[in-house]
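Quick notes on the structure that follows.
The values are calculated or read from the model by the stated rules, or taken from the named source; none is laboratory data. No experiment lies behind these values; they were computed from the predicted model shown. Glycine gets a Cβ as well: all are built from the backbone with ideal geometry, and neighbour counts include every protein chain shown. Ligands, DNA and RNA are excluded from the accessible area calculation, which covers all protein heavy atoms including side chains. Shrake-Rupley method; radii C 1.70, N 1.55, O 1.52, S 1.80 Å.
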Amino acid sequence: MLIKRNRGWEIPEARVTPEHVFLNRRSFMAAGAGAMALAATRPARAEDDPSVSLYPAKLNPAYADPGRPVTGAEYTTTFNNYYEFGSSKRIADASKALPIRPWAIVIDGEVEKPTTIAIDDLFAQVTFEERIYRHRCVEAWSMVVPWTGFPLKRLVELAKPTSNAKYLRFETFNKPEVAPGQKDGFFTSYPWPYVEGVTMAEAMNDLPLMVTGAYGKPLPTSMGAPLRLHLPWKYGFKSIKGIVRVSFTAERPVSFWEQLGPQEYGFWANVNPEVPHPRWSQASEEVLGAGERVPTLLYNGYGAQVADLYKDLESEKLFM
Ligand SMILES: Nc1nc2c(c(=O)[nH]1)N[C@H]1C(S)=C(S)[C@@H](COP(=O)(O)O)O[C@H]1N2
Ligand SMILES: [Mo]
């Protein structure tokens, strides 16, 4: 998804690193001089997280069967898109520089009372549950992750939006002192912070999950600790990580990738195998860790729950 913003009309470079290439590179490194560097790579210190006692949460039976094997944490926690820490998939180590406490979430815009809430106070007002979701990146790879979190609609309820609220706008931290991708000159004028959005109707659907953990533990920083969104029927870039602000708006927010490349990354970004990305097919996907490609499903297989949201929106570019 790397886009050189200063030359927006040029065809941007695809940053698709198929998982088998990535993993072969890893085992190659482990066999040689890279082994020392790998040995120094500790797993994220989930046990240091003050919310650790909230795990594991009860599995929601409605989301217990994703229809595919769960992807191993050794793949999903080390193969990430997190441009704040660089454009390679191997940002897990760099992401550990992000302090996840203290952490506060600003809730503002079209709400009865704008507020800032410390993350652990927010966690105390919600009930965690586990849901196993499929995730489909726009780059045509996918994974299956047992997330822990709480429904986005619960956050909406706590925020008490006014009748003017039509959209939710999410914003990631902006900390160039710890996130090298956000430093001046790393990416030429990327519009930090990362922003994403959904409609109020989408937010009130049962599927959107505010994610706090994975694999029965607090999230590692590589996956977006301490709070990210997961929207399993949309391309992965909608599932914003490292959230610090949720704003309720009357206007449709312009998201990070949409601002960089509106011809390629739109607001809706619903998964559809029949609508190719301008530079590659979306018909199939490579399953992380499984060494195989499988056909991609409309709405990533979640159509029964979300297709109705779009029935009066046929004039919109729903699938990019
Ligand atoms: N803040 C932020 N959120 C982000 C991204 C990012 O670069 N920055 N990348 C997105 C993309 S393209 C994908 S596929 C998913 C990847 O989530 P994962 O690293 O947990 O697999 O995060 C999304 N959320
Ligand atoms: Mo992605």
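Looking only at residues that are over 17 Å from the mean Cα position of the chain (by Cα) and of a type in the set (Ser, Thr, Tyr) in the stretch 168-198, which one is farthest from Phe150 (Cα to Cα)? Per the stated criteria, the residue is Thr188. Scanning the stretch 284-319 for residues that are in contact with a Pro (Cβ under 7 Å, 6 or more places away or on another chain) and among the hydroxyl-bearing types (Ser, Thr, Tyr) yields Ser284, Thr296, Tyr302.
Name the residue, out of Arg245, Arg252, that is of a type in the set (Lys, Arg), touching a residue at least 24 places away in the same chain (Cβ under 8 Å) and within 13 Å of ligand 1 (Cβ to nearest atom). Matching residue, one of Arg245, Arg252: Arg245. Residues of the stretch 123-159 that are under 16 Å from Ala214 (Cβ atoms), of a type in the set (D, E, K, R) and open to solvent by less than 10 Å² (accessible area, probe 1.4 Å): Arg131 alone. Scanning the stretch 105-119 for residues that are outside any loop (DSSP other than H, G, I, E, B) and crowded, with 16+ Cβ neighbours inside 10 Å turns up Ile105, Ile107, Asp108, Gly109, Val111, Ile117, Ile119.
Scanning the stretch 79-102 for residues that are out of contact with any strand residue (DSSP E or B) (no Cβ under 9 Å at 6 or more places or on another chain), open to solvent by less than 30 Å² (accessible area, probe 1.4 Å) and either under 16 Å from Leu219 (Cβ atoms) or outside any loop (DSSP other than H, G, I, E, B) (or both) gives Asn80, Tyr82, Tyr83, Phe85, Ile91, Ala92, Ser95, Leu98. Does Ala124 satisfy being free of Cβ contacts under 8 Å to residues at least 40 places away in the same chain, more than 16 Å from ligand 2 (Cβ to nearest atom) and small (Gly, Ala, Ser)? For Ala124, the condition - free of Cβ contacts under 8 Å to residues at least 40 places away in the same chain, more than 16 Å from ligand 2 (Cβ to nearest atom) and small (Gly, Ala, Ser) - is met. Which residues, counting only those in the stretch 80-123, are closer than 21 Å to Glu196 by Cα and of a type in the set (Phe, Trp, Tyr)? Correct list: Tyr82, Tyr83, Phe85, Trp103.
Among residues of the stretch 66-85 that are closer than 27 Å to Gly185 by Cα, those with a beta-carbon under 6 Å from a residue that is among the aliphatic types (A, V, I, L, M) and surrounded by 18 or more Cβ atoms within 10 Å (Cβ to Cβ) at least six positions away or on a different chain give the pairs Thr78/Ala92; Asn80/Ile91; Tyr82/Ile91; Glu84/Ala179; Phe85/Ile91; Phe85/Ala94; Phe85/Ala179. Selection of the stretch 282-317 for residues being part of a loop (DSSP other than H, G, I, E, B), touching a residue at least 40 places away in the same chain (Cβ under 8 Å) and open to solvent by 70 Å² or more (accessible area, probe 1.4 Å) yields only Lys317.
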